[in-house]
Each structure stands twice: as C-alpha cells, then as structure tokens.
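Each remark here refers to the structure printed beneath this line.
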Amino acid sequence: MLTITNANKTFIIDASTQIKALDNVSLALANKDFVILIGNNGSGKTTLLNAITGEIKLDTGIISQNNQDITHLSTEKRTKKIAKIAQNPLSSTVAELSVVQNFRLAYLKKNKLGLSFSITATFRKKVKDKIATLNMGLEDKIDQEMGKLSGGQRQALAVLMHTWYRPEILLLDEPTAALDATSAETVMNMIHNIVQDYQIPCILITHHIPDILRYGNRLIQMRQGRIERDLSLSEKSTLTPDTILKWLSAAG
C-alpha cells in the first residue's frame, strides 16, 4: 500500500546550519499495518508524515502508493486518498462552520470540487447516523458551531469525518496530546477500529507510553532522521514502560 525508498530531506537554516531531517529512510506498509512511530523531538517523525502527504518535498527518494509513484504528486491530489489528523483539534476542523458543514467540506475535498456545497436531508441523516456511532451524544448537535465543542469532541469528529470515505492511508500526528484521558481513550479506540474495519495502513505518532504498548502491530523508533528500530507485534509485546522511556530519553 505504501512504500518509501531512500528518502532524504535536509532543512537549510542558514549558511552554517543544516538539519538532516530524513536520512536515507526506507519503509513499507501493508494493509492493516498499524505503526506506532516514536522518537524524541527532532528525530524526523513529523517530517516523514509531511513527506507522505506532500507538505514537504523530498530532496531525494521515492514514495509509492499501490505501486504508483506519488513523489511529485501535489498535496491536493494526495488528500483524496491520504487522511492526516494533527495534534491540535483546531487544525483539522473549521471553528466557524457547523458540524454538518464541516462534514460536507471534508466530503468535497475527497470528491469532485465541482459538487455543490448544499446540504440535503439525506446527507444530514448520514452525518447524524455516523456521529451516533461515537456514543458521545453529538448526533443532535450537527448544527452547532464546531468551535463551541470541547477539544475531545472536535478531535473525535475530525477523525470520523476525515475517515468517513475510507482513505487509503491514515496518518496521525499526536492526535490525543491535547485531550483529557477519557477523550483520548475514545479517539484511540476509534482509530484502532477504523484501521481494523477499513484494513488500511496507519502511522500514529505518540509519546504516550500506555498507547505505545497497547496499540499497533508494529513499533518504529526514529533517531536523528533514521529508523533505528522496526519491531513486529511479537517483539513489541515484550517491551516494558521502562524500556520505552529509556529510548525516548536518549539524546539525539
């Protein structure tokens, strides 16, 4: 489903400062691969996700999806097949629009831009029915402004609306970092179910050790722009919180 081959990216800060964000990174993800991606700040995690979405361009390397080279494909075209949820709930939704309007906007981004923005009764019912699966009581608030909901509610809705039309790849950059424990658990369980039900590859960046140990069938650690560890589910199952903490505390 997704293959990254010899990816390199260097950010030039000034004449004397360069940061090697990706250093010859190669990675292959299959259907239902749920990768937990860890590493300390500056290890290259977010750069890797942004390279997959096209938000940054690689210096060298190839990114392929379903055996098609998408290395030079625009971000706009990639968003039709790749869903990305960021840490801040504000960045994945539009505060001034209602919940149902946000869902319509997400739909239009994944489909033909020429479609009307008008919201039919059929579409409203589909949105309400989908939101009801969250069991958060939000199905009766679809006309409320998104910005008036809590961070946890917004993030849960963001994940739901950006995966409603079955993306081929799901990327999540610390999606629960700004949430309370209850909301975070709701969002994480939903992500797990989506990966299993849709059988799509997913990469999740997190620093939350319980989630690192509980979720995913692969664990990848990045360090100084490289993949230092790529562990299978059986290898991951032997890890302890102390081991993860030690890895995340290592310099560089």
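The values are calculated or read from the model by the stated rules, or taken from the named source; none is laboratory data. Keep in mind that what you see is a predicted model, and the values were worked out from it rather than measured. Neighbour counts run over all protein chains shown; Cβ positions are idealised from the backbone, glycine included.
The residue list 21, 7, 15 contains one member that is exposed (fewer than 15 other Cβ atoms within 10 Å of the Cβ), out of contact with any Cys (no Cβ under 9 Å at 6 or more places or on another chain), hydrophobic (A, V, I, L, M, F, W, C) and not assigned by TED's automatic domain parsing to the domain that holds residue 158, which is 15.
Of all the residues in segment 143-176, those that are assigned to a loop (DSSP other than H, G, I, E, B), more than 13 Å from the chain's Cα centre (by Cα) and over 13 Å from residue 103 (Cβ atoms) number 3.
Might you let me know whether segment 166-179 holds any residue that is touching a strand residue (DSSP E or B) at 6+ places or on another chain (Cβ under 9 Å), surrounded by 19 or more Cβ atoms within 10 Å (Cβ to Cβ) and over 22 Å from residue 205 (Cβ atoms)? No, segment 166-179 has no match at all. Only one of (1) in contact with a helix residue (DSSP H, G or I) (Cβ under 9 Å, 6 or more places away or on another chain); (2) within 28 Å of residue 37 (Cβ to Cβ); (3) at pLDDT 85 or above; (4) assigned to a loop (DSSP other than H, G, I, E, B) fails for residue 80. Which number is that? Status for residue 80: all satisfied but (3). Which one is surrounded by the most Cβ atoms within 10 Å (Cβ to Cβ), of the residues in segment 222-252 that are β-branched (Val, Ile, Thr) and more than 25 Å from residue 61 (Cβ to Cβ)? Top of the filtered list is 244. Filter segment 207-247 down to the residues that are of a type in the set (D, E, K, R) and out of contact with any Ser or Thr (no Cβ under 9 Å at 6 or more places or on another chain), then identify the one that is nearest to residue 176 (Cα to Cα). So, considering only residues that are of a type in the set (D, E, K, R) and out of contact with any Ser or Thr (no Cβ under 9 Å at 6 or more places or on another chain), the one nearest to residue 176 (Cα to Cα) is 214. All conditions in (1) without any contact (Cβ under 8 Å) to a residue 40 or more places away in the chain; (2) assigned by TED's automatic domain parsing to the domain that holds residue 228 hold for residue 104, with the sole exception of (2). Just so you know, in segment 24-57 the residues that are surrounded by fewer than 22 Cβ atoms within 10 Å (Cβ to Cβ) and among the basic types (Lys, Arg) include one that is nearest to residue 69 (Cα to Cα), and it is 57. Taking segment 47-100 as the range and being of a type in the set (Asp, Glu) and not assigned by TED's automatic domain parsing to the domain that holds residue 30 as the test, only 96 passes. Of the helices (runs of 4 or more DSSP H) lying entirely inside segment 183-250, those carrying at least 2 residues that are among the aliphatic types (A, V, I, L, M) are 209-214, 241-249. Sort out which residues of segment 1-58 are acidic (Asp, Glu) and under 27 Å from residue 194 (Cβ atoms), and write them in order of number. Within segment 1-58, 33, 55 meet the criteria. For segment 180-192, taking the residues that are without any contact (Cβ under 8 Å) to a residue 60 or more places away in the chain and not β-branched (Val, Ile, Thr), the one that is nearest to residue 162 (Cα to Cα) is identified as 190.
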